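Have a look at the structure below, then the notes.
The values are calculated or read from the model by the stated rules, or taken from the named source; none is laboratory data. Every value quoted in this text rests on a predicted model; they were computed, and no experiment measured them. A quick note on method: Cβ atoms are made from the backbone with ideal geometry, for glycine too, and the neighbour counts reach across all protein chains shown. The accessibility values were calculated without ligands, DNA or RNA, using every heavy atom of the protein model including side chains. Shrake-Rupley method; radii C 1.70, N 1.55, O 1.52, S 1.80 Å.
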Number of protein chains: 2
Amino acid sequence: MTTTTIDHATELAALVGADHVLVGDAINDDYTRDEALTSPAHRPAAVVRPGSTEEVAAVVTWAAANGVPVTARGSGTGLSGACIPQPDGILVSFERMDQILEIDLRNHVAVVQPGVTLAQLDEATKAHGLIYPVQPGENSASLGGNVATNAGGMRAVRYGVTRSQVLGLTCVLGTGEVLTTGGKFVKATSGYDLTQLVIGSEGTLALATEAILRLHPRPTHGATVLAPFTTLDEVAAAIPHIVGSGLQPSILEYIDLVSMAGITSSAGLELGIPQEIKDTALAYLVIVLEGTVASRIEEDTAALGQLLGELGALDLYVLPPSAGAALVDAREKAFWTAKALGANDIIDLVVPRAEIPGYLAAVKVIADDTASLVVGCGHAGDGNVHLSVFQGDPAVRSDVVGRILRAGADLGGAVSGEHGIGTAKKAYLAAIEDPAKLDLMRRIKVAFDPTGILNPGVIFDATSPAEHP
Amino acid sequence: MTTTTIDHATELAALVGADHVLVGDAINDDYTRDEALTSPAHRPAAVVRPGSTEEVAAVVTWAAANGVPVTARGSGTGLSGACIPQPDGILVSFERMDQILEIDLRNHVAVVQPGVTLAQLDEATKAHGLIYPVQPGENSASLGGNVATNAGGMRAVRYGVTRSQVLGLTCVLGTGEVLTTGGKFVKATSGYDLTQLVIGSEGTLALATEAILRLHPRPTHGATVLAPFTTLDEVAAAIPHIVGSGLQPSILEYIDLVSMAGITSSAGLELGIPQEIKDTALAYLVIVLEGTVASRIEEDTAALGQLLGELGALDLYVLPPSAGAALVDAREKAFWTAKALGANDIIDLVVPRAEIPGYLAAVKVIADDTASLVVGCGHAGDGNVHLSVFQGDPAVRSDVVGRILRAGADLGGAVSGEHGIGTAKKAYLAAIEDPAKLDLMRRIKVAFDPTGILNPGVIFDATSPAEHP
């Protein structure tokens, strides 16, 4: 440790208390990484654990004055490396700011600190018959991390993503200034929407220290329907019809054959599908209908069954509640299943939902062309495709990922639907995105963070390639 | 006309064609104003009517090079003066860019030019059983104007506002650069959300030349319920219960006694309310339930009736379809009714919905205190209160409006819920909003519009008061 670092630690201890500044070996490995498969871990110069918005502001003000990079961390469950600190930077961990400050039943909002986990919020809202509907598949994820990455998940097809639920923020700019944006209301037109700008900015514009979240009535009844199809094409073609039906599914997932086998076997799931169907089905749809009136769920399930039959489903399985929940749970763990099976990279991109068939066909060509295995599942209703890439050669893998992301962009899509860019997908974004748009984002970053200390090098590099020597 | 202006007109004619540049007396009075009651009209140096994104980009590039202010105009139905041009500036009118480019039934989106009106889009979507659900109360409004002001309206309680429906934009920055943002997908996390930033920026960041809009299944059945209450307090107290019921009304409006009398008499509406109820009721709720299954609407109407009884409604009128539509239509025209009755200003602000009772009590104190008449109605489910201020003395009126807007902010609200700031509410925003937040917005504007030509002086002045000499 250099003298400078020791001085820094002393100065930071004056801001948040000596117990809440970690340096050297006291920094646990967990602080050096997230769940991205391709982003190298970095040990920061110091981990700082502030206890309040004021302490966060003091830390950022100090960092701006000293030119020290600042990376925010919630639970570290991100998939793009956005919370991996810089070696010469500090990691601001929100583990002490983990309070649900308010469940406001009259305005149907929760006010939370960034370290609150989805599991914690779900427990608190359940008691009031309410739900925070963003479920990105990892309940230990923090709300602060969800805000930073605009987390999505399976229920986005009905409720939208984090962006749709956050009504206001307290946040600390790169200048150390504290701003509050939005409020306990669902709309406003009073200047630029700073809330929406900070959401999904992956810690590069501001650190959110408090969030006002929209809550919804919690469904009390539901049905999980599993529909095997002969081809992935038929699955993909069915999706617009289901979205357009007005049945408003809470979940509408496609799962390909390989992913279904992986998910069910790793979870030990037996869904009662006869062997002859398993032999024929190359892809599945999983559809969950939810509501508060049991008879309507029954009626809607029947209507859905008829629609699926017309759309070519081989059969239809209305799963008992426990099996339905187990399947959804296993699907949420698809990332872990793929990782355990040895996936070398995992990507998440979005295309117009009607383009899914053409997109998956393009992916197959790229996979075959490079002798890679690319399999997946996805939030079909949102056009959000999740792919696991099995390709051991890093150079080939990088080429495969670049090509399958570009194929999505060519069909009118975007590089990430919900995982974010971080450092893991930055080079791909730089190659695919309009340089003028990235330059505009750089200028916006300067407006929030004039000294460039907030998560530098995440989403994009500070200078455009043209400015490099 | 100065020589400079003549030169400018010639140069502009080279960009869009001589037929599409108007100067001097050829500029119709309509181009000089919008519907704001307190914003003075200005005649621009020229009106330019581009026919394509490329022409808009050429005009903005020219304006940036010549330091000429640019104001965009759709149908001119705005209520905050945001489309009133500068005397030395040019008005870009989107009347020629009025094409619905695509109704994409597989992705459930419409792609429109900015001059398309809501009426035009409604006609086109109706044919496919779809709906664009933002209905700010003026069907001649353009989609470009709706994007600029983040238009809301009565159905926002169910569907959200313009912000919730716009999936992507083509827009021209103040540099003349053309960017496309978003796409035909409902979510992405691939850098900052530029779509959301441009929406509601009132023409100060970019000119939208194309928009991708989300479409929804069109409801086929509906019921309109009118519920009189003894006091406005009871109405306000009922709102959170109705929102929390899960009945998901499409419309949830409160109308005070004076506004109801104005609305019904100006529309010649006879709703069949007995005189003794009219004598007792000081406020009304109007609730519309919509769906695609008739029996569910009937069941939900019954459930709503029971809930309203428990919440203290004096009676309940389920209006026949024609009367229901007439009431909703008359409510949409409340602005015109207030204007015809001589209202001196009309404001729209938002508070947390549960604060409406306290807020309206505070407004009454201010009105009484200044011998002003302040009456209104509002999108109660959204906490969006619309008030007509009758006060002939401009200085007193300005004080009244300032105080009632500040009272909303003190309860956690915002200066405008859907009309926007424009020039009409700019001084109030400057007085009420955090100066650091306005400074951040100024820096963001510079990122989009470095020479400051896009609608200068709208939302905020270019320099903060501290920078003034």
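Give me a count of the residues in segment B:109-145 that are modelled with pLDDT of 95 or more, assigned to a loop (DSSP other than H, G, I, E, B) and open to solvent by less than 30 Å² (accessible area, probe 1.4 Å).
So the answer is 8.
Would you call residue B:160 open to solvent by less than 10 Å² (accessible area, probe 1.4 Å), on the phi > 0 side of the Ramachandran plot and not charged (D, E, K, R)? Explain how you work it out, then say what you get.
Working: open to solvent by less than 10 Å² (accessible area, probe 1.4 Å): no; on the phi > 0 side of the Ramachandran plot: yes; not charged (D, E, K, R): yes.
Spelling it out, it is not the case that residue B:160 is open to solvent by less than 10 Å² (accessible area, probe 1.4 Å), on the phi > 0 side of the Ramachandran plot and not charged (D, E, K, R).
Of all residues in segment A:338-360, count the ones that are free of Cβ contacts under 8 Å to residues at least 60 places away in the same chain and closer than 30 Å to residue B:104 by Cα.
3
If you go through segment A:416-451, how many residues are more than 26 Å from residue A:67 (Cα to Cα) and open to solvent by 10 Å² or more (accessible area, probe 1.4 Å)?
So the count comes out to 10.
Could you tell me whether any residue of segment B:413-431 is part of a helix (DSSP H, G or I) and more than 14 Å from chain A (Cβ to nearest Cβ)?
no
Residues being touching a residue at least 24 places away in the same chain (Cβ under 8 Å), within 14 Å of another protein chain (Cβ to nearest Cβ) and of a type in the set (Gly, Ala, Ser): count how many of those fall in segment A:187-221.
4
Based on what the data block shows, is residue B:36 free of Cβ contacts under 8 Å to residues at least 12 places away in the same chain and in contact with a His (Cβ under 9 Å, 6 or more places away or on another chain)?
Numbers: free of Cβ contacts under 8 Å to residues at least 12 places away in the same chain: no; in contact with a His (Cβ under 9 Å, 6 or more places away or on another chain): yes.
So residue B:36 fails the test.
Search segment B:229-244 for residues that are under 25 Å from residue B:279 (Cα atoms) and pair each with any residue that is surrounded by fewer than 17 Cβ atoms within 10 Å (Cβ to Cβ) and of a type in the set (Val, Ile, Thr) when their beta-carbon atoms are under 8 Å apart and the residues are at least 6 apart or on different chains.
Filtered contacts from segment B:229-244: B:230/B:280.
Just one of B:160, B:145, B:129, B:115 is in contact (Cβ under 8 Å) with a residue 40 or more places away in the chain and under 25 Å from residue A:246 (Cα atoms); which is it? I'd like the intermediate steps shown before the answer.
On the way: B:160 fails: in contact (Cβ under 8 Å) with a residue 40 or more places away in the chain; B:145 fails: under 25 Å from residue A:246 (Cα atoms); B:115 fails: under 25 Å from residue A:246 (Cα atoms).
Going through B:160, B:145, B:129, B:115 in turn, the sole match is B:129.
Find all pairs meeting these conditions: Cβ atoms under 7 angstrom apart; at least six residues apart or on different chains; first residue within segment B:3-26 and in a loop (DSSP other than H, G, I, E, B); second residue modelled with pLDDT under 95 and not hydroxyl-bearing (Ser, Thr, Tyr).
Listed pairs, sorted by first residue: B:23/B:1; B:23/B:9.
Test residue B:378 against the criterion of being within 14 Å of chain A (Cβ to nearest Cβ) and either at positive phi or not basic (Lys, Arg) (or both), and give yes or no. Walk me through how you get there before you give the answer.
Working: within 14 Å of chain A (Cβ to nearest Cβ): yes; either at positive phi or not basic (Lys, Arg) (or both): yes.
So residue B:378 fits the description; yes.
Condition test on residue B:104, is it acidic (Asp, Glu) and either open to solvent by 50 Å² or more (accessible area, probe 1.4 Å) or within 26 Å of residue A:191 (Cβ to Cβ) (or both)?
Judged against the criteria, residue B:104 is not a match.
Taking into account only those residues within segment B:394-412 that are over 18 Å from residue B:379 (Cβ atoms) and surrounded by 24 or more Cβ atoms within 10 Å (Cβ to Cβ), which is farthest from the other protein chains (Cβ to nearest Cβ)?
Taking the candidates together, the pick is B:400.
Does residue B:454 satisfy the condition of being more than 26 Å from residue B:232 (Cα to Cα) and surrounded by fewer than 20 Cβ atoms within 10 Å (Cβ to Cβ)?
no
Within segment A:370-384, is there a residue that is out of contact with any strand residue (DSSP E or B) (no Cβ under 8 Å at 6 or more places or on another chain), at pLDDT 95 or above and open to solvent by 30 Å² or more (accessible area, probe 1.4 Å)?
yes
Would you confirm whether any residue within segment B:344-364 is modelled with pLDDT under 95, among the aliphatic types (A, V, I, L, M) and either over 21 Å from residue B:240 (Cβ atoms) or not assigned by TED's automatic domain parsing to the domain that holds residue B:425 (or both)?
Scanning segment B:344-364 turns up at least one residue that is modelled with pLDDT under 95, among the aliphatic types (A, V, I, L, M) and either over 21 Å from residue B:240 (Cβ atoms) or not assigned by TED's automatic domain parsing to the domain that holds residue B:425 (or both).
I'd like the full set of residues that are surrounded by 24 or more Cβ atoms within 10 Å (Cβ to Cβ), out of contact with any Pro (no Cβ under 7 Å at 6 or more places or on another chain) and either within 30 Å of residue B:66 (Cβ to Cβ) or among the polar types (S, T, N, Q) (or both), limited to segment B:174-191.
Within segment B:174-191, B:181, B:189, B:190 meet the criteria.
Among the residues in segment A:72-95, are any over 21 Å from the mean Cα position of the chain (by Cα), over 16 Å from residue A:216 (Cα atoms) and buried (at least 24 other Cβ atoms within 10 Å of the Cβ)?
Yes: one or more hits.
Taking the residues in segment A:226-250 that are open to solvent by 10 Å² or more (accessible area, probe 1.4 Å) and either in a helix (DSSP H, G or I) or assigned by TED's automatic domain parsing to the domain that holds residue A:352 (or both) as candidates, determine which candidate is nearest to residue B:131 (Cα to Cα).
A:244
Any residue at all in segment A:199-216 that's within 28 Å of residue A:301 (Cα to Cα), among the hydroxyl-bearing types (Ser, Thr, Tyr) and either outside the structural domain of residue A:317 (by TED's automatic domain parsing) or open to solvent by 30 Å² or more (accessible area, probe 1.4 Å) (or both)?
Within segment A:199-216, not a single residue is within 28 Å of residue A:301 (Cα to Cα), among the hydroxyl-bearing types (Ser, Thr, Tyr) and either outside the structural domain of residue A:317 (by TED's automatic domain parsing) or open to solvent by 30 Å² or more (accessible area, probe 1.4 Å) (or both).
Give B:345, B:368 a once-over and let me know the one that is of a type in the set (Asp, Glu), in contact with a helix residue (DSSP H, G or I) (Cβ under 6 Å, 6 or more places away or on another chain) and more than 14 Å from chain A (Cβ to nearest Cβ).
B:345
Of all residues in segment B:355-365, count the ones that are open to solvent by less than 10 Å² (accessible area, probe 1.4 Å) and within 12 Å of another protein chain (Cβ to nearest Cβ). Lay out the reasoning, then the answer.
Taking segment B:355-365 first, the residues open to solvent by less than 10 Å² (accessible area, probe 1.4 Å) are B:356, B:359, B:363.
In the following step, the residues that additionally are within 12 Å of another protein chain (Cβ to nearest Cβ) were identified as B:356, B:359.
Counting residues in segment B:355-365 that are open to solvent by less than 10 Å² (accessible area, probe 1.4 Å) and within 12 Å of another protein chain (Cβ to nearest Cβ) gives 2.
Would you check which residues across segment A:20-34 are in contact with a Gly (Cβ under 8 Å, 6 or more places away or on another chain), open to solvent by less than 50 Å² (accessible area, probe 1.4 Å) and over 16 Å from residue A:86 (Cβ atoms) and list them?
A:20, the sole residue that qualifies.
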